[in-house]
Number of protein chains: 2
Amino acid sequence: MSEQKLRTMAISVGDLNGIGIEIALRAHEEISSMVRPLYCISEEMLSQACEKLDISRPENMEISPVGENFEIIPSKINKKSGAYAYHSFMKAIKLCEAKVADAVITLPIHKEAWYKADLSYTGHTDLMREYFDKEAIMMLGCKKMYVALFTEHIPLKDVPAKITKEALYRFLVDFSREIKTKKIAVLGLNPHAGDGGVIGDEDKKIKKVIKKVNYALGEKRFVGPFVPDTAFTKPMRKKYKTYVAMYHDQGLIPLKALYFEDSINLSLNLPIIRTSVDHGTAFDIAYKDKKPSIKSYINAVKAAVKAAQYRDEKLSL
Amino acid sequence: MSEQKLRTMAISVGDLNGIGIEIALRAHEEISSMVRPLYCISEEMLSQACEKLDISRPENMEISPVGENFEIIPSKINKKSGAYAYHSFMKAIKLCEAKVADAVITLPIHKEAWYKADLSYTGHTDLMREYFDKEAIMMLGCKKMYVALFTEHIPLKDVPAKITKEALYRFLVDFSREIKTKKIAVLGLNPHAGDGGVIGDEDKKIKKVIKKVNYALGEKRFVGPFVPDTAFTKPMRKKYKTYVAMYHDQGLIPLKALYFEDSINLSLNLPIIRTSVDHGTAFDIAYKDKKPSIKSYINAVKAAVKAAQYRDEKLSL
């Protein structure tokens with residue numbers, strides 16, 4: 001009875017005016033062999049989406065209804081769709097908290113639609129940070145390469161001041177607890193990682209923190225700070241699979257240049273597990289029968305299964 | 001007599017304690033079929049390097065002697081080696097100014113050795129900027145992708161303030177004159193290119209400047225500002241081969257992640273043509289018979305030939 005072993009995954013359907021629900025429907029059969037998906041959507045909204053997409057509703061789709069129904073307007077940024085995405089996500093979180101589900105898998109929301117719905121979060125991670133009052137860590141990547149972001153959706157000019165010894169120390173210690181990887185590459189901040197202090201002084205600070213963290217951990221798990229522009233060359237990527245980036249684009253530019261459609265987004269250091277696709281709502285192709293790639297979604301499901309396993313192993317220690 | 005048509009290239013030999021001279025020697029035969037190389041090095045230093053490398057001195061190597069001879073100490077950062085590299089570079093520049101050579105091709109210098117020799121430039125480009133009193137533009141890349149850097153070797157925290165309308169306008173206009181490419185992608189500064197002003201305000205400024213420059217040029221040559229982390233995905237790279245990056249690592253992280261050994265460095269917007277390898281002195285493998293890759297050097301020679309051709313075409317208009 002291997003079916004009994006399938007983990008339940010709460011699926012947050014994202015902005016229904018975007019491509020998320022199409023991806024969920026097209027991937028349903030495939031992911032059903034790996035997990036028991038539980039869709040946070042009402043029967044009405046699901047039927048409406050199926051109709052608009054001209055896809056027949058799979059019979060074995062389990063739902064956990066949420067929110068106020070509304071009319072889907074493909075590719076439209078609107079308040080109702082934003083609010084619905086929020087309620088779907090919150091329901092998914094609560095299913096995890098209640099241990100009904102093992103993890104949350106999120107399809108993309110639209111930030112402007114959230115803004116219109118008076119939701120001021122910059123995204124899923126930000127919302128969870130506030131909801132759980134915990135320093136969530138955002139990690140993106142795929143099997144070949146993962147990048148954890150020390151800072152996320154903030155202006156570039158605010159990044160250097162965020163690199164304090166305390167904050168980076170805390171981040172690295174938290175991060176080390178969340179993943180198994182033995183060697184983690186930490187990037188410097190400045191060109192040439194500061195060239196010995198000639199170009200900015202933050203890299204020296206980063207170096208000291210790495211030393212201190214490794215000492216506290218009793219092993220040299222963190223290595224660096226690496227010169228950013230040579231950290232992602234082929235020889236380096238053979239040595240390191242996991243990176244800590246000081247800012248959003250430092251980590252995501254190389255990740256997306258190399259492994260665009262494969263990547264997923266994981267939220268670490270939280271009471272629940274959450275994985276996500278790493279793309280947006282793609283309004284330009286929504287409801288147009290363009291068959292969006294389901295690769296990132298499938299990978300998000302696989303990563304959630306792996307993360308749930310890892311958590312259970314840790315719990316059983 | 002096709003030999004008569006070969007262009008003369010002044011070769012700046014770089015830091016002789018590093019891998020540059022080995023690359024020059026190993027590539028000599030190959031590049032001699034494309035250009036007439038003129039090495040800025042004394043007979044004594046050349047013989048010394050050959051001996052230490054156990055490579056016999058090619059007979060047909062033409063030299064233009066410079067500087068004070070010294071003893072090569074493999075992998076050593078020192079003043080004399082730094083000063084010699086400087087004199088070799090200056091000689092190469094002067095050969096171009098005197099129209100003896102068509103372009104300068106530089107092998108890597110070591111910045112700390114320059115520092116020890118009381119040379120305060122952050123590199124070749126910086127020196128030329130001062131020498132010619134012109135806003136040199138640094139562009140790196142290979143056939144598949146080129147990146148021009150709006151800012152270079154400055155601390156990340158100083159980047160945002162450098163993005164003024166005047167400076168960016170001037171940069172883009174200068175750049176447009178130097179290359180043939182019809183469509184040039186300009187990157188934004190902040191995550192998601194500012195998300196409509198929610199994350200920093202520099203991207204709005206960049207947008208206005210692009211509009212103004214295109215208007216002045218009478219064509220939409222510059223496109224953007226693009227969201228940095230999705231600007232280098234495969235579909236984007238099919239559309240754009242030339243990028244303008246706001247800061248060093250924004251352009252060089254993806255370039256080196258994708259095309260490490262192929263890339264070269266070009267200095268644009270100057271009275272002379274200069275191309276360079278895009279790697280450093282690699283002291284860790286210097287004089288150790290490790291046969292460093294000559295790919296970047298060969299590409300630098302090819303790019304110099306192409307740039308000289310382009311300049312002549314422009315001059316003949």
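Worth a mention:
- Candidate set from segment B:173-187 (those that are open to solvent by less than 40 Å² (accessible area, probe 1.4 Å) and closer than 13 Å to B:Glu219 by Cα); member that is modelled with the lowest pLDDT: B:Ser176
- Pairs are defined by a Cβ separation below 6 Å, a sequence spacing of at least 6 or placement on different chains, a first member in segment B:276-301 that is among the aromatic types (Phe, Trp, Tyr), and a second member that is assigned to a loop (DSSP other than H, G, I, E, B); the pairs so defined are B:Phe283/B:Gly18; B:Phe283/B:Ser75; B:Tyr287/B:Pro74.
Okay, residues lined up against (1) farther than 23 Å from A:Asp249 by Cβ; (2) out of contact with any strand residue (DSSP E or B) (no Cβ under 6 Å at 6 or more places or on another chain); (3) within 11 Å of chain B (Cβ to nearest Cβ); (4) in contact (Cβ under 8 Å) with a residue 12 or more places away in the chain:
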residue	(1), (2), (3), (4)
A:Phe171	no, yes, no, yes
A:Lys180	yes, yes, no, yes
A:Ile184	no, no, no, yes
A:Asn190	no, yes, yes, yes
A:Asp195	no, yes, yes, no
A:Gly200	no, yes, yes, yes
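- Residue match in segment B:277-298 (condition: closer than 15 Å to B:Thr125 by Cβ and assigned to a loop (DSSP other than H, G, I, E, B)): yes
- Test result for B:Ala308, open to solvent by less than 10 Å² (accessible area, probe 1.4 Å), modelled with pLDDT under 95, of a type outside the set (Ser, Thr, Tyr) and under 16 Å from B:Ile179 (Cα atoms): yes
- For segment B:17-36, the set of residues classified as in contact (Cβ under 8 Å) with a residue 40 or more places away in the chain and under 21 Å from B:Ala103 (Cβ atoms) consists of B:Gly20, B:Ile21, B:Ile23, B:Ala24, B:Arg26, B:Ala27, B:Glu30, B:Ile31, B:Met34, B:Val35, listed by residue number.
- Residue that is assigned by TED's automatic domain parsing to the domain that holds B:Leu16, surrounded by fewer than 23 Cβ atoms within 10 Å (Cβ to Cβ) and free of Cβ contacts under 8 Å to residues at least 12 places away in the same chain, where the choices are B:Glu112, B:Glu44, B:Glu59: B:Glu59
- Among (1) modelled with pLDDT of 95 or more; (2) within 29 Å of A:Glu30 (Cα to Cα), the one test that A:Gly224 misses: (2)
- Tally, over segment B:204-256, of residues that are facing chain A (nearest Cβ under 10 Å), of a type in the set (Asp, Glu) and open to solvent by 10 Å² or more (accessible area, probe 1.4 Å): 0
- The residues of segment B:207-249 that are over 12 Å from B:Gly188 (Cα atoms) and outside any helix (DSSP H, G or I), listed by number, are B:Gly218, B:Glu219, B:Lys220, B:Arg221, B:Phe222, B:Phe232, B:Thr233, B:Tyr240, B:Lys241, B:Thr242.
- Residue check for B:Leu53: of a type in the set (A, V, I, L, M, F, W, C), in contact (Cβ under 8 Å) with a residue 40 or more places away in the chain and open to solvent by less than 40 Å² (accessible area, probe 1.4 Å): yes
- Among the residues of segment A:75-88, none qualifies, meaning not one is open to solvent by 30 Å² or more (accessible area, probe 1.4 Å), within 21 Å of A:Pro292 (Cβ to Cβ), within 15 Å of the chain's Cα centre (by Cα) and within 14 Å of another protein chain (Cβ to nearest Cβ).
- Failed item, numbered, when A:Asn265 is tested on (1) among the polar types (S, T, N, Q); (2) touching a residue at least 40 places away in the same chain (Cβ under 8 Å); (3) facing chain B (nearest Cβ under 9 Å); (4) open to solvent by 10 Å² or more (accessible area, probe 1.4 Å): (3)
- Contact map, segment B:69-91: residues that are over 19 Å from B:Glu51 (Cβ atoms) and in contact (Cβ under 8 Å) with a residue 60 or more places away in the chain paired with residues that are aromatic (Phe, Trp, Tyr) and buried (at least 17 other Cβ atoms within 10 Å of the Cβ), Cβ distance under 6 Å, separation 6+ or inter-chain. Pairs shown: B:Gly82/B:Trp114.
The values are calculated or read from the model by the stated rules, or taken from the named source; none is laboratory data. Note that the structure is predicted; figures quoted are calculated from it, not measured. All Cβ positions, glycine included, derive from the backbone under ideal geometry; neighbour counts span all protein chains shown. What goes into the accessible areas is simple: the full protein's heavy atoms, side chains included, and nothing from ligands, DNA or RNA. Shrake-Rupley method; radii C 1.70, N 1.55, O 1.52, S 1.80 Å.
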